[in-house]
Structure formats: C-alpha cells, structure tokens
C-alpha cells in the first residue's frame, strides 16, 4: 500500500509528454499502479497481481502454457526478443532481470 500511495502522490509531478488523448503514450509506472489497484480491489489476503492474472485470466481461458514470469520460472519456453542491428534481426539472450 505504501508503494501505491507514494506513486499516486508523485504522479502529479510527472510532466506530460503530449496533450491529453492526442497520442498514445506507454507508461510502465501506470501499469505498476494498476497492478497494485487490482490487488487491493480483489481483497483476498496474500493476493498478488501475478496470482490474480493466473486465476482470473489465464485459467479461465485455458492458457496453460502462459504465466507471469517470476524468479524460478523456466526460461526454456520463453519467446525470444529480437533487435535490428545493421538491417539484421539478432536474437537477444533470454535473461530474467530481478
């Protein structure tokens, strides 16, 4: 809860990059806040965003090979990330940053 209160309090100081609804802007901070709001709205003790997504989204859709990536998750079946370097597509190593 401390994270959510702190993030929301500081959000008003983030400068706008464009006028409202003039352009799509991706913001990781807002997704982190949304995850904390979802945890709180669920209300179950010990509920995390990862557990919530597993229970409410992946299981009902029978997405048995889909998971939130958490420490200890096997990296063998992950999709690979690619970048373009000198007009060539180069695969990046799958590493989990903690």
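When residues of the stretch 41-58 are filtered for being under 18 Å from the mean Cα position of the chain (by Cα) and surrounded by fewer than 13 Cβ atoms within 10 Å (Cβ to Cβ), how many remain? Spell out the reasoning first.
Step one: of the stretch 41-58, the residues under 18 Å from the mean Cα position of the chain (by Cα) are 41-42, 47-58.
Filter once more, so that each one left must be surrounded by fewer than 13 Cβ atoms within 10 Å (Cβ to Cβ): 41, 56-57.
The total comes to 3.
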Which count do you get for residues in the stretch 59-78 that are modelled with pLDDT of 90 or more and surrounded by 10 or more Cβ atoms within 10 Å (Cβ to Cβ)?
2
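Looking at 38, 32, which is the one that is at pLDDT 85 or above, in contact with a helix residue (DSSP H, G or I) (Cβ under 9 Å, 6 or more places away or on another chain) and not in a loop (DSSP other than H, G, I, E, B)?
On the way: 32 fails: at pLDDT 85 or above.
Matching residue, one of 38, 32: 38.
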What's the number of the only condition in (1) surrounded by 10 or more Cβ atoms within 10 Å (Cβ to Cβ); (2) modelled with pLDDT under 80; (3) more than 25 Å from residue 68 (Cα to Cα) that residue 12 fails to meet?
(1)
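The values are calculated or read from the model by the stated rules, or taken from the named source; none is laboratory data. Worth saying up front: this structure is predicted, and the values here are computed from it rather than measured. When we count neighbours, we look across all protein chains shown, and the Cβ atoms used for this are built from the backbone with ideal geometry, even at glycine.
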